[in-house]
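Peer 1: This is the structure I have questions about; it appears just below.
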Amino acid sequence: MKKLLVTGSSGLIGSEVCAHFAGAGWAIHGLDNNQRAVFFGPSGDTRWNQKRLADSIPGFTHHEADVRDRAAMLDLIETVRPDAIVHAAAQPSHDRAAAIPFDDFDTNAVGTLNLLEAARRFAPESPFVHFSTNKVYGDAPNEIPLNELDTRWDYADPAFSDGIPETFRIDQSKHSLFGASKLASDVMAQEYGRYFGLPVCCLRGGCLTGPNHSGVELHGFLSYLVKCNLEGKTYFVYGYKGKQVRDNIHSYDVARFIEAIIAAPRAGEVYNLGGGKENTCSILEAFDAVSALTGKPMVSEYVDRNREGDHICYYSDLSKIKKHYPEWAITKSLADIYSEIVRAWHDRLSN
């Protein structure tokens with residue numbers, strides 16, 4: 001039986017990947033130490049998801065470890081010898097990073113290096129999928145001319161009608177410290193692919209979302225928005241008139257793409273992985289869609305100050321993915337995503 005090691009296994013993407021590959025007959029090793037609760041407090045706790053995996057995946061092996069622990073990562077990969085590695089552990093917040101710069105960089109950049117070197121030494125043939133972020137582009141996408149529509153911003157330049165491609169520049173812009181630490185990990189992962197010839201690739205995620213997200217204000221846009229709506233809490237909108245746009249991809253479709261990569265890995269590639277133009281929404285549009293599903297009004301407050309380095313409009317150009325992996329496509333629409341997140345939060349808040 002093939003063995004899959006997933007870091008950040010109790011998070012949204014990690015848990016989806018664990019479940020998906022378990023269903024395909026893989027033995028699953030999950031690494032997670034609930035650091036999300038440390039970063040975001042009790043609302044970020046993911047132990048419930050760890051328990052869900054242990055209860056639902058036969059033979060699931062949980063490893064309570066921190067990616068910053070170099071010796072532990074070397075020992076883990078030498079012992080497990082995984083047939084594939086999915087690295088989804090991270091400090092994921094754009095805003096939180098400024099308050100914890102050492103934790104942010106050590107987790108995102110150094111933790112990734114620890115895993116890459118462990119893989120090079122003990123599992124060099126195993127595909128390694130690294131989760132990067134669209135924040136590696138910094139705020140450079142904001143330089144693209146925009147059209148202001150009634151409920152959203154959109155690109156005015158036809159060169160970006162399909163979204164941001166992987167060739168977009170990654171420097172000379174404001175990234176946030178989170179974007180900078182993830183960029184360091186992104187480039188390092190590429191090097192291990194290109195320099196050492198390892199089957200490593202980077203996924204520059206848009207808004208990765210789904211029903212198993214422990215959404216908080218600082219990370220998890222749609223999940224947190226739905227939670228606020230159901231609880232009647234105020235959702236704060238930071239700048240850009242609430243018309244800022246994101247592309248949303250369901251964690252199930254992310255797991256399916258990882259499956260395609262592991263089946264046919266490439267060395268040193270990068271992919272912009274999001275919902276693409278069809279799965280875009282603005283905050284204002286999300287308010288309306290969620291309220292229509294729940295029957296509850298959205299309580300919000302506008303703050304006339306955007307987040308540092310934030311994107312006004314961002315969606316992923318999926319052309320490269322479709323060229324390299326033509327059998328993969330988005331299967332979960334934006335409507336599917338809304339309804340699944342609403343149902344999941346309703347169930348969790350009722351228990």
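Read-outs throughout are calculated quantities, based only on the coordinates presented, and are distinct from any laboratory measurement. Quantities reported herein were computed from a predicted structural model and do not represent experimental measurements. Cβ: placed from backbone, ideal geometry, glycine included. Neighbour counts: every protein chain shown.
Peer 1: I'd like the residue in region 20-66 that is of a type in the set (A, V, I, L, M, F, W, C) and over 22 Å from Val254 (Cα atoms) and, out of all such residues, is surrounded by the fewest Cβ atoms within 10 Å (Cβ to Cβ). If you could, list the steps in order and put the result at the bottom.
Peer 2: We begin by selecting, within region 20-66, every residue of a type in the set (A, V, I, L, M, F, W, C); these are 21-22, 24, 26-28, 31, 37-40, 48, 53-54, 57, 60, 65.
Those still in the list that are over 22 Å from Val254 (Cα atoms) too: 37-40, 65.
Working: Ala37: 16, Val38: 13, Phe39: 22, Phe40: 22, Ala65: 16.
Per the stated criteria, the residue is Val38.
Peer 1: When you look at Gly59, is it touching a residue at least 12 places away in the same chain (Cβ under 8 Å), part of a loop (DSSP other than H, G, I, E, B) and more than 23 Å from Tyr224 (Cβ to Cβ), yes or no?
Peer 2: Details: touching a residue at least 12 places away in the same chain (Cβ under 8 Å): yes; part of a loop (DSSP other than H, G, I, E, B): yes; more than 23 Å from Tyr224 (Cβ to Cβ): yes.
Against the criterion (touching a residue at least 12 places away in the same chain (Cβ under 8 Å), part of a loop (DSSP other than H, G, I, E, B) and more than 23 Å from Tyr224 (Cβ to Cβ)), Gly59 qualifies.
Peer 1: So, in region 306-326, how many residues would count as being hydroxyl-bearing (Ser, Thr, Tyr), buried (at least 18 other Cβ atoms within 10 Å of the Cβ) and not in a loop (DSSP other than H, G, I, E, B)?
Peer 2: Qualifying residue count for the region: 2.
Peer 1: Select from region 161-181 the residues that are in contact with a Pro (Cβ under 9 Å, 6 or more places away or on another chain) and crowded, with 20+ Cβ neighbours inside 10 Å and write down the one among them that is nearest to Gly206 (Cα to Cα). Explain how you work it out, then say what you get.
Peer 2: Taking region 161-181 and keeping what is in contact with a Pro (Cβ under 9 Å, 6 or more places away or on another chain), we get 164, 168, 173, 177-178, 181.
Right, trim to crowded, with 20+ Cβ neighbours inside 10 Å and you get 164, 177-178, 181.
Details: Ile164: 10, Leu177: 18, Phe178: 15, Ser181: 17 Å.
Restricting to residues being in contact with a Pro (Cβ under 9 Å, 6 or more places away or on another chain) and crowded, with 20+ Cβ neighbours inside 10 Å, the top hit is Ile164.
Peer 1: Another question about this same structure. If I filter region 79-110 down to residues being in contact with a strand residue (DSSP E or B) (Cβ under 8 Å, 6 or more places away or on another chain) and of a type in the set (Gly, Ala, Ser), which single residue comes out as surrounded by the fewest Cβ atoms within 10 Å (Cβ to Cβ)?
Peer 2: Ser93
Peer 1: For region 211-240, which positions are assigned to a helix (DSSP H, G or I) and not hydrophobic (A, V, I, L, M, F, W, C)?
Peer 2: Ser223, Tyr224, Lys227, Asn229, Glu231, Tyr240
Peer 1: Hey, which of the strands (runs of 3 or more DSSP E) in region 125-202, taking only ones fully inside, have at least 3 residues that are without any contact (Cβ under 8 Å) to a residue 60 or more places away in the chain? Spell out how you get there, then give the answer.
Peer 2: Numbers: elements: 128-133, 146-148, 153-155.
Here the list is empty.
Yes/no matrix, rows are residues, columns are (1) touching a helix residue (DSSP H, G or I) at 6+ places or on another chain (Cβ under 7 Å); (2) closer than 23 Å to Ser126 by Cα:
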{"position": "Arg246", "(1), (2)": "yes, no"}
{"position": "Ser251", "(1), (2)": "yes, yes"}
{"position": "Ile262", "(1), (2)": "no, yes"}
{"position": "Pro265", "(1), (2)": "no, yes"}
{"position": "Val290", "(1), (2)": "yes, no"}
{"position": "Val303", "(1), (2)": "no, no"}
{"position": "Val342", "(1), (2)": "yes, no"}
{"position": "His346", "(1), (2)": "yes, no"}
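Peer 1: Provide a single number: the residues in region 259-293 that are surrounded by fewer than 13 Cβ atoms within 10 Å (Cβ to Cβ) and either assigned to a loop (DSSP other than H, G, I, E, B) or not charged (D, E, K, R) (or both).
Peer 2: Result for region 259-293: 3.
Peer 1: Collect the residues in region 20-47 that are aromatic (Phe, Trp, Tyr), assigned to a helix (DSSP H, G or I) and either touching a His at 6+ places or on another chain (Cβ under 9 Å) or without any contact (Cβ under 8 Å) to a residue 60 or more places away in the chain (or both), keeping them in residue-number order.
Peer 2: So in region 20-47, the residues aromatic (Phe, Trp, Tyr) come out as 21, 26, 39-40.
Remaining after also requiring assigned to a helix (DSSP H, G or I): 21, 39-40.
Phe39, Phe40, listed by residue number.
Peer 1: Any idea which of (1) under 29 Å from Ser173 (Cβ atoms); (2) surrounded by 11 or more Cβ atoms within 10 Å (Cβ to Cβ) is the one Lys296 doesn't satisfy?
Peer 2: In the conditions (1) under 29 Å from Ser173 (Cβ atoms); (2) surrounded by 11 or more Cβ atoms within 10 Å (Cβ to Cβ), Lys296 misses (1) alone.
Peer 1: Restricted to region 182-222, and to residues that are surrounded by fewer than 23 Cβ atoms within 10 Å (Cβ to Cβ) and among the charged types (D, E, K, R), which residue is nearest to Gly309 (Cα to Cα)?
Peer 2: Glu217
Peer 1: Please tell me if Asn114 is in a helix (DSSP H, G or I) and touching a helix residue (DSSP H, G or I) at 6+ places or on another chain (Cβ under 7 Å).
Peer 2: It is true that Asn114 is in a helix (DSSP H, G or I) and touching a helix residue (DSSP H, G or I) at 6+ places or on another chain (Cβ under 7 Å).
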